[in-house]
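Nothing in this text is a laboratory measurement; each read-out follows from the coordinates by a stated rule. It should be emphasised that the depicted structure is a prediction, and the values quoted were computed from it without experimental measurement. Every residue, glycine among them, receives a Cβ derived from its backbone with ideal geometry; neighbour counts consider all protein chains shown.
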Amino acid sequence: MRLQYPPDIKIILVPCTGKVDVLHILHAFEKGADGVYAVGCMEGDCHYNSGNLRARKRVEQAQKILDTIGIGGERAQMYNLSSSEGPRFAQFAVEMEERIRKLGPNPIKLAKKKAA
Amino acid sequence: MIVADRKPIEEIIEEVKNHEKILILGCNECVTVCEAGGKKEVGVLASALRMYFLNQGREVKVDEKTLERQCDHEYLEEIRDVMDQYDAVVSLACGVGVQFMAEKYHECPIYPGVDTCFLGATEKRGLWTERCQACGQCILARTGGICPVSRCAKRILNGPCGGSAKGKCEINKEIDCAWELLKALDKLDDYEKIDSIKDWSTDRAGGPRKVVREDVQE
């Protein structure tokens with residue numbers, strides 16, 4: 001398909017989005033990520049029954065924490081698609097990139113640079 | 001086990017915001033099982049606090065450690081060597097651990113990171129329910145294994161009250177009437193047994209309690 005999507009997205013492979021923990025998401029922001037999103041299978045289609053549902057809850061937990069500490073919960077998102085939907089994968093990447101560009105850089109990254 | 005719930009991060013931030021070197025101290029026992037104060041919750045809180053302070057333009061040291069227990073001298077001693085590195089500790093142990101910690105290291109402010117709720121069981125992941133009020137004189141042998149002290153809102157010891165309807169308690173339709181549960185267990189005959197008055201002096205009414213076992217003391 002040779003689909004194009006923004007190049008500044010780093011993909012981290014996990015066996016199932018159920019592996020993604022709130023700690024992984026928070027640590028990514030602590031290390032300076034501007035946004036984090038999990039892309040899981042369609043709800044109801046999880047090979048392990050509930051991995052993508054767990055991921056959604058964990059993303060929501062991370063969103064709440066990020067809102068509380070002033071980083072912005074919108075920077076963490078959960079998306080779902082089926083494995084054959086390459087164009088949707090690219091669309092999510094574009095969507096996420098646009099969202100983050102609007103929000104600006106992660107304030108933690110800026111604070112760290114300032115402190116250094 | 002002792003069941004606790006996480007405190008809102010805002011509340012913890014408010015308590016520790018003026019400190020510079022903070023230790024987040026978890027407990028590997030009950031609060032780990034009820035997902036309120038174990039190693040993972042320590043990691044989440046520490047990460048959130050580090051980001052909060054950085055975002056405020058402040059350099060605050062927030063370290064993480066989880067002890068096997070915080071209600072035993074031997075485990076609390078494990079941090080004696082590092083305590084001078086901190087000007088505050090947020091303990092994610094139950095109220096027992098927080099107090100024991102505060103007694104041992106009274107020169108350092110100790111803040112609770114969880115709300116300790118009750119003695120309960122894990123019905124399923126994410127659902128913990130009360131089972132015991134530690135009244136100090138167990139009567140479960142006479143109540144079919146169902147505790148009217150902890151599971152009856154009125155702590156009634158001789159059958160259901162008039163507010164019980166269709167097996168549910170009048171204070172909340174989701175709560176089973178402890179005494180009607182006995183009916184379901186086919187233990188209705190137990191209703192007929194007249195018990196002597198329960199000695200409530202072993203309950204909280206007698207003030208703070210202690211268990212003394214001279215046979216095992218050194």
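Assorted remarks:
- For region B:2-118: span of alpha carbons on each principal axis (Å, largest first): 37, 28, 18
- Near the amide H of B:I24, within less than 5 Å, lie the amide hydrogens of B:D63, B:E64, B:K65, B:V90, all on another chain or at least 5 residues away, with H placed in the peptide plane.
- Summing Cβ point charges (Lys, Arg +1; Asp, Glu -1) relative to the Cα centre of the protein assembly as shown gives a dipole of roughly 1100 debye.
- Measuring gaps between exposed loop sites in chain A (trypsin sites (Lys or Arg not before Pro); DSSP loop; at most 11 other Cβ atoms within 10 Å), the longest gap, sites not included, is A:32-116.
- Mean separation of Cα contacts under 8 Å (6+ apart) over length of region B:1-149, as relative contact order %: 28
- Working note: Karplus 6.51/-1.76/1.60 with θ = phi - 60° gives region B:3-15 the couplings 9, 10, 10, 5, 7, x, 4, 4, 5, 5, 4, 4, 6 Hz, where Gly and Pro are set to x.
- Semi-axis lengths, Å, region A:17-115, gyration tensor of Cα atoms, sqrt of 5 times eigenvalues: 25, 16, 10
- Residue-by-residue Karplus 3J(HN,Hα) for region B:26-40, coefficients 6.51, -1.76, 1.60, Hz, glycine and proline x: x, 9, 7, 9, 3, 5, 6, 5, 8, 6, 10, x, x, 4, 5
- Pairs of Cα atoms farther than 22 Å apart, chain B, %: 61
- Spatially close lysines, pair count over chain A: Cα under 23 Å, gap of eight or more or interchain: 23
- Counted by Cβ distance under 11 Å from A:P107, the other residues give a net charge of +4, where Lys and Arg count +1 and Asp and Glu count -1.
- The protein assembly as shown: Rg to Rh, with Rh as the Kirkwood radius over Cα pairs: 1.08
- In this simple spin-label model, placing a label point 7 Å from the Cα along the Cα-to-Cβ direction at both B:T129 and A:K31 gives a separation of 4.3 nm.
- Overall form of region B:133-203 per C-alpha gyration tensor (a/c, 1.5; a/b vs b/c): oblate
- The mean sequence distance of close C-alpha pairs (under 8 Å, at least 6 residues apart), as a share of the length of region A:48-116, puts its relative contact order at 23 percent.
- Length available on full extension from B:E170 to B:H106: 0.36 nm per residue minus the Cα-Cα distance, which gives 18.5 nm.
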